[in-house]
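The next block holds one structure in the form of structure tokens; read it before the comments.
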Amino acid sequence: MSSLNQDQIARRDRMGLLARAEPSRLEKLFPEIPVHELLRAPEAGAVMVRGRVGASGGPFNLGEMTVTRCSLRLEGGAVGHAYVQGRDKSHALRAAALDALGEAGSEQVAPILNALCAEEAARRTERAEKAAATKVEFFTMVRGEDQ
């Protein structure tokens, strides 16, 4: 059972969607970053990615991944954070600004998130259709001595 409340779940989902967004698309949807104070300037680093044997067994280190993180405070006092894959500092800055706007209850964020969500769903559907096209059905023929 999760101990997160609805606001925390919404923020987690919003931050994940912003992190997975294509940086060029996010820049088109959100070209102007509002006035802000950087609490942690965008900086690249590495994190260890962990996996589990058989998805439920013991954990193991899969390898390192490059991420960029950023934290900022908007003029109104709302704070936003972002961790994005790769080294794109502007992606991290935009994601942190949108996180802060979302925390402040800005109506500007909803259309951007809706567009990103729809595009992500379309990408997942396309990927699933491509995978389904490669599915192989195996069957066993009954031989005479097996009857």
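A run of the chain free of exposed loop cleavage sites, with trypsin sites (Lys or Arg not before Pro) counted only in DSSP states other than H, G, I, E and B and at most 14 other beta carbons within 10 Å, reaches its longest extent at 1-86.
Rounded, prolate or oblate, given the Cα gyration tensor of the stretch 22-132, with a/c below 1.5 counting as rounded?
Numbers: a/c = 2.25, a/b = 1.35, b/c = 1.66.
Because a/c hits 1.5 or more and a/b fails to exceed b/c, the stretch 22-132 counts as oblate.
Within a straight-line Cα-Cα reach of under 16 Å, LYS89 can be paired with the following lysines, leaving aside sequence neighbours fewer than 8 residues apart in one chain: LYS28.
Could you calculate the contour length gain from PHE139 to ASP13, that is, 0.36 nm times the residue separation minus the distance between their Cα atoms, to one decimal place in nm?
Values: separation 126, 0.36 × 126 = 45.36 nm, distance 4.12 nm.
Roughly 41.2 nm would be gained on extension.
For helix 6-20, what angle does its Cα long axis make with the longest principal axis of the chain, in degrees from 0 to 90 and rounded to 10? In the chain, helix 6-20 runs at an angle near 80 degrees to the longest axis. With Cα atoms defining each centre, the stretch 88-147 and the stretch 1-21 are spaced 16 Å apart in the structure. With a simple spin-label model that places each label point 7 Å from the Cα along the Cα-to-Cβ direction, the separation between ALA131 and ARG52 comes to 1.9 nm.
Give me the dipole magnitude in Debye, nearest 20, for the stretch 43-147 about the Cα centre, with unit charges on the beta carbon: positive for Lys and Arg, negative for Asp and Glu. Don't skip to the end; give the middle numbers.
Details: 13 positive and 14 negative charges, 58 e Å.
Here the stretch 43-147 has a charge dipole of around 280 debye.
Computed from phi, the 3J(HN,Hα) profile of the stretch 68-82 under the Karplus parametrisation 6.51, -1.76, 1.60 (θ = phi - 60°) reads 10, 10, 7, 9, 8, 10, 7, 3, x, x, 5, 10, x, 10, 8 Hz, with x in place of Gly and Pro. Sequence-distant contacts, meaning Cα pairs under 8 Å at least 6 residues apart, place the relative contact order of the chain at 22 percent. Across the chain, the longest piece that holds none of the GluC sites (Glu not before Pro) lying in DSSP loops with up to 14 other C-beta atoms within 10 Å covers 33-74.
Given a Förster radius of 30 Å and the C-beta distance between VAL35 and ALA115 as r, what FRET efficiency does 1/(1 + (r/R0)^6) yield to the nearest 0.05? After rounding to 0.05, the efficiency reads 0.80. Restricting the chymotrypsin sites (Phe, Trp or Tyr not before Pro) of the stretch 63-147 to loop positions (DSSP other than H, G, I, E, B) with no more than 11 neighbouring Cβ atoms within 10 Å leaves PHE138, PHE139.
FYI, it's all coordinate maths here, none of it is from the lab. Just so it is clear, the model here is predicted, and its values are computed rather than measured. FYI the Cβ positions are ideal-geometry reconstructions off the backbone, even for glycines, and counts take in every protein chain you see.
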